[in-house]
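Accompanying notes for the structure given below.
Every number in this text was worked out from the coordinates using simple rules, so none of it is lab data. If you're wondering where the values come from, they're calculated on a predicted model, not measured in any experiment. Ideal geometry is used to build each Cβ from the backbone, glycine not excepted, and the neighbour counts take in all protein chains shown.
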Amino acid sequence: MKKLLLLIEALNATAASTPDGWENRDVHTIFASDLISDILVSEGDHILLITSLLSDQVLRTADVIGAVAVVLVNRKKIPAMLGKAAAKQGIPLFHTPLPKFESCVRLGRLMETL
């Protein structure tokens, strides 16, 4: 288990929308996918979702699975409407210029440490 802030810092991610107290959310599982169907059948608690999907559907899906936050990869910026949708749903939303593979490697190494 890691704090969300630590993971976000490891990705050099920028916030698009952050509700109060987001830094202290616990992350137990990291799930990376660009397929909504795969995300919907993911298992685990306190999931950090890594994706490159830019539709508000990914936020609704994150809400359904109870994701702690969403990180959009391969992005220098994201559409303003997506940040507004995340704020409305209370889901922390971040973006990183890192590709998905590099993001997963960094987070995987970090999750393995005590």
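Quick one: order SER42, SER17 by neighbouring beta-carbon count within 10 Å, fewest to most.
Lowest to highest Cβ neighbour count: SER42, SER17.
Work out how much length SER37 to ASN12 would gain on full extension: take 0.36 nm times their residue separation and subtract the Cα-Cα distance, in nm to one decimal.
So the chain would gain 6.2 nm between SER37 and ASN12.
Nearest 500 deg cm²/dmol is fine: what mean residue ellipticity at 222 nm does the chain get from its DSSP H runs of n ≥ 4 alone, each adding -39,500 (n - 2.57), divided by its residue count?
Calculated at 222 nm, the ellipticity per residue is -11000 deg cm²/dmol.
For ALA32, enumerate residues with amide H under 5 Å from its amide H, sequence gap 5+ or separate chain, H modeled in the peptide plane.
ILE50
Quick check for you: which residues of region 21-39 have the amide N under 16 Å from the point 7 Å beyond the Cα of VAL64 toward its beta carbon?
Residues passing the 16 Å test: 33-39.
Given (i) 52, 11, 9; (ii) 36, 13, 9; (iii) 18, 15, 14, which label gives semi-axes √(5λ) of the Cα gyration tensor in Å as computed from the coordinates?
Recomputing semi-axes √(5λ) of the Cα gyration tensor in Å here picks out (iii).
Skipping prolines and chain starts, which residues have an amide H placed within reach, meaning under 5 Å, of the one on ALA16, given they are 5 or more residues away or on another chain?
Close amide H contacts, sequence-distant or interchain: LEU93, PHE94, HIS95.
Around LEU4, what is the net charge, scoring Lys/Arg as +1 and Asp/Glu as -1 over all other residues with Cβ under 15 Å from its Cβ? Walk me through the intermediate numbers first.
On the way: positive: LYS2, LYS3, ARG25, ARG106; negative: GLU9, ASP20, GLU23, ASP26, ASP45.
Net charge in that neighbourhood comes out at -1.
Taking the DSSP beta bridges in the chain as the whole, what percent of them are antiparallel, to the nearest 5?
30
Mind listing the long-range amide H neighbours of LEU98? Cut-off is under 5 Å, sequence gap 5 or more, other chains count too, H placed in the peptide plane at 1.01 Å from N.
Placed amide hydrogens put ASN74, ARG75 under 5 Å from LEU98.
With an 8 Å Cα cut-off and a minimum separation of 6 or more residues, compute the relative contact order for region 11-109 in percent.
35
To the nearest 0.05, what FRET efficiency results for ALA80 and GLN57 with a Förster distance of 22 Å applied to their C-beta separation?
0.85
So how far apart, in nm, are the two label points at LYS88 and PHE101 if each is 7 Å from Cα heading toward Cβ?
3.7
Show me, for region 28-34, the HN-Hα J-couplings you get by feeding each phi into the Karplus relation (A = 6.51, B = -1.76, C = 1.60, θ = phi - 60°), rounded to Hz, glycine and proline as x.
Values, residue by residue: 9, 9, 10, 10, 10, 6, 10 Hz.
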